[in-house]
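Step one of this worksheet: look at the structure below.
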Amino acid sequence: MVKVDMFIKESLRFNSNVLSLPRPCVRETYTFANGFQIPYGRPVFLDISEISFSEELNGQNPQEFDAHRHNSPATKPDNGFLIFGSGIRACPGRFFAILLAKIFLYHVLLNYNIKAELENAKHKQYAGFFIGLLKPGKAGIVFEKSA
Ligand code: HEM
């Protein structure tokens, strides 16, 4: 289960673009420690690719999928892994979500042979920092029911 957990964490790192969706500053003007301010009502876009694909935060070759990259559970937010947010407002449903992903993978691996159809595969297309959100990659995945 540790390896499945690491695999899920790396998969989520590659698909954290949902965090790029704009969020408004809902309270009064927010001031960062360095003095930078966000006025009330201003929509904020987070350039998540700067975080998810940072070598400093995620180790060597951050653009490559490495299922052995992580040494902490997928439910643990850290500076390079913000899919569930962070701090006291971190997603409380993350334990449930990761458990469901594991149960789903367990059933799929038990019942199907899976192979990728990489011929004519199209990579994700980048549109600003909305990584692949607007034009997701198109690589076929074939599920064959195992006997
Ligand atoms: C892969 C699945 C999920 C992802 C990626 C996700 C992501 C997030 C993120 C980014 C936040 C905002 C954290 C912040 O503002 O710092 C959040 C908040 C929240 N999530 Fe999730 N979530 C997932 C599944 C779930 C599930 C399954 C539940 C409930 C069963 C849930 C319940 C909540 C709640 C109640 C909050 C608000 C927490 C607060 O504001 O204090 N989430 N989630």
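Values computed for the structure shown
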item: The listed residue being open to solvent by less than 100 Å² (accessible area, probe 1.4 Å), over 15 Å from the mean Cα position of the chain (by Cα), at pLDDT below 95 and within 15 Å of the ligand (Cβ to nearest atom), out of Gly87, Gly59; result: Gly87
item: Residue tally, condition open to solvent by less than 90 Å² (accessible area, probe 1.4 Å) and either more than 7 Å from the ligand (Cβ to nearest atom) or over 20 Å from Phe14 (Cβ atoms) (or both), over the range 91-100; result: 3
item: Residues of the range 35-49 classified as touching a residue at least 60 places away in the same chain (Cβ under 8 Å) and farther than 13 Å from Cys25 by Cβ, total; result: 3
item: Odd one out for Arg23, checked against (1) more than 9 Å from the ligand (Cβ to nearest atom); (2) open to solvent by 80 Å² or more (accessible area, probe 1.4 Å); (3) touching a residue at least 12 places away in the same chain (Cβ under 8 Å); result: (1)
item: Those residues of the range 5-20 which are hydrophobic (A, V, I, L, M, F, W, C) and open to solvent by 40 Å² or more (accessible area, probe 1.4 Å), in sequence order; result: Phe7, Leu12, Phe14, Val18
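The values are calculated or read from the model by the stated rules, or taken from the named source; none is laboratory data. No experiment lies behind these values; they were computed from the predicted model shown. Don't worry about glycine lacking a Cβ; one is built from the backbone with ideal geometry, like all the others, and counts go over all protein chains shown. Ligands, DNA and RNA are excluded from the accessible area calculation, which covers all protein heavy atoms including side chains. Shrake-Rupley method; radii C 1.70, N 1.55, O 1.52, S 1.80 Å.
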